[in-house]
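This report concerns only the one structure given below.
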């Protein structure tokens, strides 16, 4: 596995999140870069996530009072400094020797909430010890319920304050770019929080469809959400919802939040952009249900657009991988600072002193 030592200072020409992606090509082997950057199949959803934001125009308001301006929000019992969180991102040692520990240090430095993946390459306890920022634990259901419950129990004991259950990726999508690049997970990169007893063999019995019957037999179902609710007192946020009918059923079951997400275009191609799916889900859930958005955020203006269309906050995924590869914890912290400053500038120029001032009136409607 190629490893180029990260930079100790940030080059002056890195001024936005996309710059980190361009720089990351020099710090990651081609196959790892392709694994991170690629979408699935023809990458229609990956590209749609960005073009959809570009198609949303802003309508600034002027002459507003900014004496009490702030990016602070309240979300699921936390007062957050800004309305974005670090999304769950597995196998971060592909990008940097310290992996998730460096990312957690950056979250601490920038007072940014972090969502830690089940597929982390550092223990969830060690990651928690690196940051005083709010910590959520992203959960993939394991083949055995006792292994799933063990992860939840460990997260509770380590001080994580919410469970983020991902439901839209029971198996990997057709990541053709990564296949063409010859990517494979190096043996030294391991999801250390998953017990050996949870390892799954894909060897099936004769006549059993390995995808539709074997892999999908392990995918979470509605009754598993009820079971999880019974076994933790932590808030449960469901990640990977696009359909408003599913969102309504999840809310009716007593779940505590939803993340509108198409998995960054990495799972099923042909889905709508998450930002395009957001308004219908907000309408189905009403104004008060906690709703976050994932997939495609690259600018502070994207955050404002998402909030205007109904999100309470957003998650930042791939940019943390690229900034981690370029400059470790310093890179991730700088990436977050860039995003924070962009959001503040966009709010100022749109006439929105506080997050609560952001609504659909900030968006341009032709006619």
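See the values below:
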| read-out | value |
| --- | --- |
| Conditions (1) under 27 Å from residue 16 (Cα atoms); (2) touching a helix residue (DSSP H, G or I) at 6+ places or on another chain (Cβ under 9 Å); (3) crowded, with 23+ Cβ neighbours inside 10 Å: number failed by residue 298 | (3) |
| Matching entry among 197, 201 (being more than 24 Å from residue 271 (Cα to Cα), modelled with pLDDT under 60 and not in a loop (DSSP other than H, G, I, E, B)) | 197 |
| Considering residues of the stretch 67-118 that are within 26 Å of residue 348 (Cα to Cα) and out of contact with any strand residue (DSSP E or B) (no Cβ under 9 Å at 6 or more places or on another chain) only, the residue surrounded by the fewest Cβ atoms within 10 Å (Cβ to Cβ) | 67 |
| Residue in the stretch 8-15 that is over 18 Å from the mean Cα position of the chain (by Cα) and buried (at least 18 other Cβ atoms within 10 Å of the Cβ) present | yes |
| Residue check for residue 29: over 18 Å from the mean Cα position of the chain (by Cα), without any contact (Cβ under 8 Å) to a residue 60 or more places away in the chain and surrounded by 12 or more Cβ atoms within 10 Å (Cβ to Cβ) | yes |
| Residue pairs meeting the criteria (Cβ under 6 Å; at least 6 apart or on separate chains; first touching a residue at least 24 places away in the same chain (Cβ under 8 Å) and on the phi > 0 side of the Ramachandran plot, in the stretch 109-122; second surrounded by fewer than 24 Cβ atoms within 10 Å (Cβ to Cβ) and part of a loop (DSSP other than H, G, I, E, B)) | 111/81; 111/133 |
| Complete set of residues in the stretch 77-92 that are part of a loop (DSSP other than H, G, I, E, B) and over 17 Å from the mean Cα position of the chain (by Cα) | 77, 81 |
| Condition check for residue 64: more than 29 Å from residue 165 (Cβ to Cβ), assigned to a loop (DSSP other than H, G, I, E, B), at pLDDT 95 or above and out of contact with any helix residue (DSSP H, G or I) (no Cβ under 7 Å at 6 or more places or on another chain) | yes |
| Test: residue in the stretch 159-168 that is over 16 Å from residue 88 (Cα atoms) and modelled with pLDDT of 95 or more | yes |
| Among residues of the stretch 279-292, those that are in contact with a strand residue (DSSP E or B) (Cβ under 8 Å, 6 or more places away or on another chain) and either surrounded by fewer than 23 Cβ atoms within 10 Å (Cβ to Cβ) or in contact (Cβ under 8 Å) with a residue 60 or more places away in the chain (or both), counted | 5 |
| Residue count, the stretch 32-47 (criterion: surrounded by fewer than 24 Cβ atoms within 10 Å (Cβ to Cβ) and assigned to a loop (DSSP other than H, G, I, E, B)) | 4 |
| Criterion: part of a strand (DSSP E or B), surrounded by 12 or more Cβ atoms within 10 Å (Cβ to Cβ), modelled with pLDDT of 95 or more and under 19 Å from the mean Cα position of the chain (by Cα) - qualifying residue of 240, 264 | 240 |
| Filter pass, residue 154 being surrounded by fewer than 18 Cβ atoms within 10 Å (Cβ to Cβ) and in contact with a strand residue (DSSP E or B) (Cβ under 9 Å, 6 or more places away or on another chain) | yes |
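The values are calculated or read from the model by the stated rules, or taken from the named source; none is laboratory data. Predicted model only: the values in this text are computed from it and were never measured. Don't worry about glycine lacking a Cβ; one is built from the backbone with ideal geometry, like all the others, and counts go over all protein chains shown.
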